[in-house]
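So the structure is just underneath, and the comments pick up after that.
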Amino acid sequence: MFVKVMVGRGDRTLPGQWEYYIRRHPQTKTVLLHLGGMWDGYSAIEVARKYPQVYLDTSECFELSLFRAALRTVPHEKILFGSGFYDHFTECSLSFFDSFPELTAEDREKFYYKNAEKLLGMEE
């Protein structure tokens, strides 16, 4: 089981506010959506760094410096691709990763699908 948490879109969605539940439920994998969002993305990175069961989703993450901080701080196995557009894949969401020449093909595979497969217990 895992929980997806909407973070970064208002005063009741700050990542640190969810830390209480994350700490109390260490066996429950938690995905912080939108890489913490516009309000407090760096706090989402810190929560993901501190707790092994916390993952970060890249949907609607458009701040390059925030994603660079995640790449430096969080194991790449804990970053999941998300487009933020439920009805179709968008080139914009995929091309976001083109801004990071340091990403290897292996990193991209992890972000695009391998990390999700592992989270969902679907890896071969």
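For segment 18-31, does any single residue satisfy the condition of being within 11 Å of the chain's Cα centre (by Cα) and either assigned to a loop (DSSP other than H, G, I, E, B) or in contact (Cβ under 8 Å) with a residue 24 or more places away in the chain (or both)? Walk me through it before giving the result.
To start, the set of residues in segment 18-31 that are within 11 Å of the chain's Cα centre (by Cα) comprises 30-31.
Remaining after also requiring either assigned to a loop (DSSP other than H, G, I, E, B) or in contact (Cβ under 8 Å) with a residue 24 or more places away in the chain (or both): 30-31.
The answer is yes; a qualifying residue exists.
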**OP:** Might you let me know whether segment 53-71 holds any residue that is touching a Ser or Thr at 6+ places or on another chain (Cβ under 9 Å), farther than 16 Å from H34 by Cα and modelled with pLDDT of 90 or more?
**Re:** yes
Original post:
Is there any pair with a first residue in segment 38-49 that is basic (K, R) and a second that is at pLDDT 90 or above whose Cβ atoms are under 6 Å apart and which are 6 or more apart or on different chains, and what are they?
Top reply: R49/T73; R49/V74
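In contact with a Gly (Cβ under 9 Å, 6 or more places away or on another chain), surrounded by 12 or more Cβ atoms within 10 Å (Cβ to Cβ), within 21 Å of D107 (Cα to Cα) and modelled with pLDDT of 85 or more: is that true of H76 in this structure? So that I can check it myself, show each step before the final result.
Numbers: in contact with a Gly (Cβ under 9 Å, 6 or more places away or on another chain): no; surrounded by 12 or more Cβ atoms within 10 Å (Cβ to Cβ): yes; within 21 Å of D107 (Cα to Cα): yes; modelled with pLDDT of 85 or more: yes.
Here the answer is no, as H76 does not meet what is asked.
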Subject >> V3, sole failed condition from (1) buried (at least 20 other Cβ atoms within 10 Å of the Cβ); (2) assigned to a strand (DSSP E or B) >> reply: (1)
Original post:
Which of the residues spanning segment 85-124 are modelled with pLDDT under 85 and either crowded, with 17+ Cβ neighbours inside 10 Å or closer than 13 Å to V31 by Cβ (or both)?
Top reply: S93
**OP:** Go through (1) part of a loop (DSSP other than H, G, I, E, B); (2) in contact (Cβ under 8 Å) with a residue 40 or more places away in the chain and name the single condition H34 misses.
**Re:** (1)
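The values are calculated or read from the model by the stated rules, or taken from the named source; none is laboratory data. Treat the numbers as computed from the prediction; the structure is a model and nothing was measured. When we count neighbours, we look across all protein chains shown, and the Cβ atoms used for this are built from the backbone with ideal geometry, even at glycine.
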